[in-house]
Amino acid sequence: MRPLYALLKNCYPMSQKTLLIIVIIFTILIGGLFGAAFYIARDTGQSTGEVLLDFLPFGGEVADRPIVDDRGLTEEGEGTGEEAPEMGIPVGATLSQLTRIPVSGATILGEGASTTVRYMERATGHVYDIRLESGEKSRITNTTLLTVEEVVWNETGNRLILRYLGEDDTIKTFLGEIIKNGGQSPGKITGVFMPDDILFVAPSPDAKEVFYLARFGTRAVGTRVSFENKNLKNVFNFPFAEWLGGWQSAGITLLTTRPSENITGVSYALNMQTGALAKLTQGRGLTSNLSPDANLLLYSTYQSGILESFVLNRKTATTQPLSLSLLPEKCVWGHKNTGTLFCAVPERSFSLETWYAGGSATSDDLWRIDADGGIQTFLVSSKRDARTPIDAVNPVLSKDETYLIFKNKIDNTLWLLKNNPLY
């Protein structure tokens, strides 16, 4: 290869002094770029090459290996010599794509080598299983259910609640059961309809019951019922219907007014036995998430136009701010340590109103947070590790905390985070 100085001299007739100055400046710039990449890589855990790719105009969104389709072929049609698993690409990555098509919802069944992700395909309503150890995929049902928006599963994955918008613009909710056929043929889904215009459905911590809030005129009535459609009991009746909720703790359901950046919201703990309400916190644009032991409340509010996040310890009546700005609904509490959170944290600020309306999306990083101690550990970046922005919603954590799954709100595809970075 000819020296850089000689190339410049032949291409551009100028004095040797001018050429020498150009070479020196160019050398300093290149040295500075590599130096900056080295220090950024050291602080973020990336390789120096990954950082350089992010700096350069041809970096960023380009994958570091060819995309492989279901037949083991690259985009150019050439074989790669390896079998692409059903669970998606990139092969062997910590953050991987489980489906390339939109899903309505998913759950995790089993533990260890038998861990299975069960999901419903959004376009058809067919239910599939993916065994995470082998990547083997199998169809569980072939009942066609078009455009189901949400699925809530029981603890076995054989009973489910489907939600979709009906032709008359009412919210339809169907309580179903998967009936398996003999042999290897797919089963079917049968069941009954629940009341129209149910605002939300929240499974109990053991996923044996659900709590749902239905609108009756301007009032909201909260009811608990088993997945077998038994032991129905009304536990809440309120002359205001704009609530969001989650049944995270055995005896407590969290109720929070629908968030708005310009309105002060309130969060309450609803006693599932007595129906009594206990106020937890309030704030503008309030969103919240209660720990399984009902002791810690993760919540976020808008203050001076900025989303700020906090942890309220109900036992000590103390509040600790977090340095991360996050939406609590993008977080899931740990099973081994109820004070641990796994959260999808937006890289940049965003409009809460626009995000809820579906007019914008975030690009998230995944973090582990010690909610009681305030320690925050970075796990992966969707842009860097998946090479695509992921607006993570509906996170589900396996019981042994080996796997975390979530939907990408941008295209409703299903993603998986393996256990390596979780601890």
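Readers should treat all values here as calculations from the given coordinates under stated rules, not as data from a laboratory. Not measured: the values here are computed from a predicted model. For neighbour counting, all protein chains shown are included, and Cβ atoms are generated from backbone atoms with ideal geometry for every residue, glycine included.
For q = 0.11, 0.17, 0.21 Å⁻¹, what log10 I(q)/I(0) does region 235-368 give under the Debye formula with an equal point scatterer on each alpha carbon and no solvent? With one equal scatterer per Cα and no solvent, log10 I(q)/I(0) is -0.38, -0.92, -1.37.
Across the cross-link table entries K230/K409; K315/K407; K172/K330; K188/K230, which are compared at the Cα atoms, the separations over 29 Å belong to K230/K409; K315/K407.
Label-to-label distance, T377 versus N142, with points set 7 angstrom from Cα along the beta-carbon direction: 4.6 nm.
With Cα atoms defining each centre, region 106-141 and region 153-169 are spaced 17 Å apart in the structure.
The separation of region 369-406 from region 190-218, counted between C-alpha centres, amounts to 28 Å.
Among the chymotrypsin sites (Phe, Trp or Tyr not before Pro) found in region 158-245, those both in a DSSP coil and sparsely packed, with 10 or fewer other Cβ atoms within 10 Å of their Cβ, are F240.
From the alpha carbon gyration tensor of region 184-287, can you work out the equivalent ellipsoid semi-axes (sqrt of 5 times each eigenvalue) and give them in Å, largest to smallest?
Values: eigenvalues 145, 47, 40 Å².
For region 184-287, the ellipsoid semi-axes come out as 27, 15, 14 Å.
Can you pull out the trypsin sites (Lys or Arg not before Pro) in region 327-388 whose DSSP state is coil and whose Cβ has at most 11 other Cβ atoms within 10 Å? Counting only loop positions with at most 11 other Cβ atoms within 10 Å, the trypsin sites (Lys or Arg not before Pro) in region 327-388 are K336, R348.
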